[in-house]
Amino acid sequence: MNKKQIEELQIRAKRIRRELTEMLYNAGSGHWGGSLGMADIFAVLFFGGVLKYNPKKPDWVERDRFILSNGHIAPVYYTVLEQAGFFGDKKAQLRRTGSPLQGHPSHIHIEAVETSTGPLGQGVGVAVGKALALKLKKIDSRVFCICSDAEHEEGSTWEAIASAGKFKLDNLIFILDRNHLQISGTTDEVANLGNIANRYRDLGWEVFEVNGHDTAKILRAFSAIKSKNGKPKLIIAKTVMGKGVKFIENDYHYHGRAPNEEEYNKAMELLK
Ligand SMILES: Cc1ncc(C[n+]2csc(CCOP(=O)(O)OP(=O)(O)O)c2C)c(N)n1
Ligand SMILES: [Mg+2]
């Protein structure tokens, strides 16, 4: 990618941050901090030529499977699906009764949502199962799964990671939203995660680390993971919860809060 294309992705990420902020403000509830923190990664995945998808045919067999395991950051996902054309002209409101934009992503409501998520640790297990199924069916697609650091407090997450190593699922890519925060404090305060990279390596994974807000480096990380070497891949994205809205950055109280009117106005100034 050249400099201009990288700049376009940075502009895209800002637009994603603005639109998800508006979506949350209109809803009056939802998860703002983590959504802002993952906007740069989502921009590269969906608009940087990484993921294979067809908004007109969400069930296209050769699509890459994308799973947002930390389903609470649904606002960034919905914003991206909308910008990528998955919703056509339909406008829906977040968190309204009957709306497809449920508080957490729901496959029943949106076909493009590969699997419903929300319970921490659930999506990672499904991602491993889908990667194994693709191998067995000899379909040459990949599974991309975004997951959070608090999900690594769940025992079942580690069972899934161990299985992926055992089955040599080199068609599986996890992107870890490593913001060191969760709902009630830092991940260090709440649980001891140890050295996540080493734990994955021990279980047969290849591990990459990247600044989750540096578009050029994120692109480079995604191009480094193409090798079919029998190892599932983990990209640890070092992120800042609330990125782009200075006055909420790194504050876990914004894990599950939507902006009030004053915060919304201030945020939109910052995201111009
Ligand atoms: C199995 C399960 N336990 C508890 C919860 C409640 N819960 C929602 S988000 C969260 C932690 C959030 O931390 P993280 O996933 O790292 O997301 P971030 O705050 O960084 O966006 C918890 C405990 C849940 N959704 N699922
Ligand atoms: Mg976190």
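Quick look at the numbers
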| quantity | calculated |
| --- | --- |
| Identity of the residue in the range 185-233, touching a Phe, Trp or Tyr at 6+ places or on another chain (Cβ under 7 Å) and of a type in the set (G, A, S), that ends up nearest to A39 (Cα to Cα) | A221 |
| Hits in the range 166-176 - residues which are buried (at least 19 other Cβ atoms within 10 Å of the Cβ), of a type outside the set (S, T, N, Q) and away from ligand 2 (no atom under 16 Å from the Cβ) | L169, D170, L172, I173 |
| Some residue of the range 105-113 being within 16 Å of ligand 1 (Cβ to nearest atom) and modelled with pLDDT of 95 or more | yes |
| Matching residues in the range 176-219 - criterion: being among the basic types (K, R) and in contact with a strand residue (DSSP E or B) (Cβ under 8 Å, 6 or more places away or on another chain) | R178, R201, K217 |
| Matching residues in the range 228-239 - criterion: being part of a loop (DSSP other than H, G, I, E, B) and touching a strand residue (DSSP E or B) at 6+ places or on another chain (Cβ under 8 Å) | N229, K231, P232, T239 |
| T79 vs. criteria of a type in the set (S, T, Y) and either more than 20 Å from I41 (Cβ to Cβ) or part of a loop (DSSP other than H, G, I, E, B) (or both) | no |
| Those residues of the range 180-202 which are within 10 Å of ligand 2 (Cβ to nearest atom) and free of Cβ contacts under 8 Å to residues at least 12 places away in the same chain, in sequence order | none |
| Residues satisfying the stated conditions in the range 114-157, i.e. touching a residue at least 12 places away in the same chain (Cβ under 8 Å), among the charged types (D, E, K, R) and more than 16 Å from ligand 2 (Cβ to nearest atom) | E114, K130, K135, D140, R142 |
| Tally of residues being under 17 Å from H152 (Cα atoms) and away from ligand 2 (no atom under 14 Å from the Cβ) across the range 231-260 | 4 |
| Considering residues of the range 145-159 that are in contact with a helix residue (DSSP H, G or I) (Cβ under 9 Å, 6 or more places away or on another chain) and part of a helix (DSSP H, G or I) only, the residue nearest to ligand 1 (Cβ to nearest atom) | A150 |
| Answer residue from the range 81-136, given it is in contact with a helix residue (DSSP H, G or I) (Cβ under 6 Å, 6 or more places away or on another chain) and among the β-branched types (V, I, T) and is surrounded by the fewest Cβ atoms within 10 Å (Cβ to Cβ) among those | T115 |
| Matching residues, the range 177-203, being part of a loop (DSSP other than H, G, I, E, B), surrounded by 15 or more Cβ atoms within 10 Å (Cβ to Cβ) and near ligand 1 (Cβ under 9 Å from one of its atoms) | N179, H180 |
| T239 of a type in the set (S, T, N, Q), within 16 Å of N70 (Cβ to Cβ) and at pLDDT 95 or above | yes |
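Rundown of residues vs (1) of a type in the set (G, A, S); (2) part of a helix (DSSP H, G or I); (3) under 16 Å from A112 (Cβ atoms), yes/no style:
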| position | (1), (2), (3) |
| --- | --- |
| K14 | no, yes, no |
| E19 | no, yes, no |
| G30 | yes, no, no |
| L36 | no, yes, no |
| V44 | no, yes, no |
| L51 | no, no, yes |
| K56 | no, no, yes |
| V61 | no, no, yes |
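The values are calculated or read from the model by the stated rules, or taken from the named source; none is laboratory data. None of the values given here were measured: they were computed from a predicted structure. No Cβ is skipped: glycine too gets one built from the backbone with ideal geometry, and neighbour counts run over all protein chains shown.
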